[in-house]
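Derivation of every value follows stated rules applied to the coordinates shown; laboratory data play no part. Here the structure is a predicted model, which is why all the values come from computation and not from measurement. Methodologically, a virtual Cβ is constructed for each residue, glycine included, from the backbone with ideal geometry; neighbour enumeration extends over all protein chains shown.
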Amino acid sequence: MVKRNKRYIELDVPFYITKSENLDKFLEKINNKPQSYTFYLDDVEHFNETINTIVNSVNFRDAFYVVFIFNEDQIMGVQMIADIMWEYRLLKTKIIVLNSNQDIFKIYNITINDCGSTSNASLIYEYSPNQNCSVDTFSSKINIKEVFKNCPLHITWSALPPFVNLPKDPRGGLFLDMLDPFGAISGRLVTYRPYNPTYLEELRFMYYGSVQEDLENEYADIFVGPTDLALMELFDLLPIITSDSLVIIVPTPVDNYWDTIKKLAGFDRVLLYFGALGAMTFTFYLLVRSIEPEFGSFAQVVFMFLGTYLNVDSFVKWPKNNYLRCFLAMCLLGTIIIIVYTQACVFGILFESVYGKPITNMEDYLKTDIPLKLINGTDALFQSFGSKEYKEMYNRRQLLIEFSNLEDAADHAVAQRNFATMTDMAYTLTKPNFNKAFGHFEVWNMRLCFAVKKNQYYFQQFNDWFSIIIESGYYEKYKRLYQAKSAWKNNLELEKQNFVLSLRKFLVAFVSLMIGLFFSSVVFIVELFNYKIFNKYCKSKK
C-alpha cells in the first residue's frame, strides 16, 4: 500500500533501494513469501541486474512489483522500466513517478502491443492533493485474450500416436484436434512448428533438453507430446487430459488342436467306450445263451453288436426274443448318445477361439520363452527400477534397430506374432481386435498433459481455458470419433455375426473327415468280406 500523509509516503511492505548493497538480505527476508517487491529507482542499469537476480529466486512470478522514480521528467526512464519488466514477463508491475516534494505522483501500467513484440507505459492515475489512493486499487488484470487476439499461438510437438500422429499421417491426432477449440476460445491462430525428430530421439531417454530450450527461447508457446506430471520441475503443466501407459504386448498363445483332439480320444475315454462295449457284449452273451441257443458263439454276439453299432445287418440277424431286442436297442441308444456327445465336443473345439489364455502380467510372461524386442532407448525404463522382475526383463531384451518409434514396432509385432515389444496403451484405440490376439501388462503409467515454459505470465489463463475444454467433453468426443473410425476400418461387422475360420481349423476339420472316411472304408471292407464268406458258407451247407 502507498499512502500519502502530509509530505511523505508510507509503505507497509519491504522495500529495496537500487543503490544499496542489501539485496541479499532483502531476498532472505522475503524468501518463500509471495508479496510485493518495492524499488526506489535511482539507477536503471542496476535495476536490471536486480530484477534478474530476483527472477532466479522463488515465487517471483506471483509477486506484485512497485517501482518508484523520483524525477517526474524522466518519461524515457518510465518506458525503460516497462521494457525491462516486459522482458522478464512481469506484468504485475506499477511504475510510480514522484515529484521532488513527493506530494504528487503518477501511476503507470504496462501495456502490450503487436502480439507482445512491444510494450508501453500507460498512465492510469494521476494523484491530486485532495485524494487518497492505494496501489492495490489499480492492480488490474491484463486481458490476455484481448491483447493477443488473432496473434499466432506457436505449438511444438512430438509424436505420440494416436494423441499426436507422425507427419505422414493425415490425421493430426486427438491432442492436436483439441487445439482447434482452444484457438477459438483464446482468439489465437494455432500455428504448428515443423516436426523436430530430435525430440523423439531425446524422449526415448527421458530427456527434454531441446523441448525446454525451445520453450525458453519462445520458439513455441505450448509443447504437445509425451509429458507427465513428473516433469513439473521443468515445465508448468496444464490440466491432465488423460492417462496413458507404456505396456508390453505379448502374443497370446495359439491352442494346439491336435492336443485337444487327443484329449477326446484319451485313454480313460477309450477305456470307457470299449469297456462299456465289452460289458454289454458279455451281458448279452450270457442272456442269449439261456434264451436263444442259436447265438451260442461269442463271436456271433460280438458281430451282432458290431453290426448294430455300424448299422450293418448282414453280419447276423437280430434275435427273435423281444427282451433281447430291447436290450440291444438300449445299447444302440447309449452308443448314439456317446457319438453325439463326441461330435459336439469336436465341433465345439473347431468353432471356439483359436487363442489360449492371454498373458496379462510380468510374472506369467517371464515364465515363457517369448523374446522381448525393444526400440533403442526404451530399455532404459527397466534400468530405472530396482525390482528383480525389471532386471530380468532388461537382461532378456533385444534391440529392434530397424524401427525408431513404438507404433512401428508394435505393427511389426502384430505381423510377426513371435515376440513381445513395448508400446503405449493408446495403440489399442486404433486396433479394436487387438486384445483378441495379444495380451498386455503395464510397465509405466503416464498422466498426459500439455507443457508451457516455467513461470509464464499466461499460464493461469491457459490453464482455465483448457479446463473448460476438458470439462465440456471435447476430448471424449474426439476419442469416440477416433475409435469409431478405427473400428469401421479394422473391425469385423459383429452385428452380422461374421466369424473367421483359420487354415489351422480347416486342417483339423479335413483330418477329422479323413478319419471318418477311413473307418467307413474299413466297415465297407469288413462287410464285403463277411458277405463273401457268408455266401460261401451258405453254398457249402447246400
Just subtract the alpha-carbon distance of Asn52 and Phe434 from 0.36 nm times their residue separation and send over the number in nm, one decimal. 132.1 nm
Can you give the FRET efficiency to the nearest 0.05 for Val254 and Ile124, using r as the Cβ-Cβ distance and R₀ = 51 Å? 0.10
Can you give the FRET efficiency for Glu216 and Ala344, using 1/(1 + (r/R0)^6), R0 = 56 Å, r = Cβ-Cβ distance, to the nearest 0.05? 0.20
Counting only DSSP loop positions in the stretch 176-231, the GluC sites (Glu not before Pro) whose Cβ has at most 16 other Cβ atoms within 10 Å are Glu218
Cut-off 10 Å between beta-carbons: net charge of the residues surrounding Leu160, Lys and Arg +1, Asp and Glu -1: -3
Just to verify a number: FRET efficiency for Tyr390 and Leu229, C-beta to C-beta distance, R0 = 25 Å, to 0.05? 0.70
The answer for the net charge of residues other than Ala437 whose Cβ lies under 11 angstrom from its Cβ, with Lys and Arg +1 and Asp and Glu -1, is +3
Excluding Ile248 itself, calculate the net charge of residues whose Cβ lies under 13 Å from the Cβ of Ile248, where each Lys or Arg counts +1 and each Asp or Glu counts -1. -4
At Asp369 and Ala276, where each label point lies 7 Å from the Cα along Cα→Cβ, what is the point-to-point distance in nanometres? 4.0
Rank the residues Ile525, Ile249, Ile144 as a footprinting-exposure proxy: fewest other Cβ atoms within 10 Å of their Cβ go first. Ile525, Ile144, Ile249
Per-residue Cβ contact counts at 10 Å, fewest first, order Ile81, Ile515 as Ile515, Ile81
Taking loop as defined by DSSP and a crowding limit of 10 other beta carbons within 10 Å, which GluC sites (Glu not before Pro) in the stretch 368-416 fit? Glu402
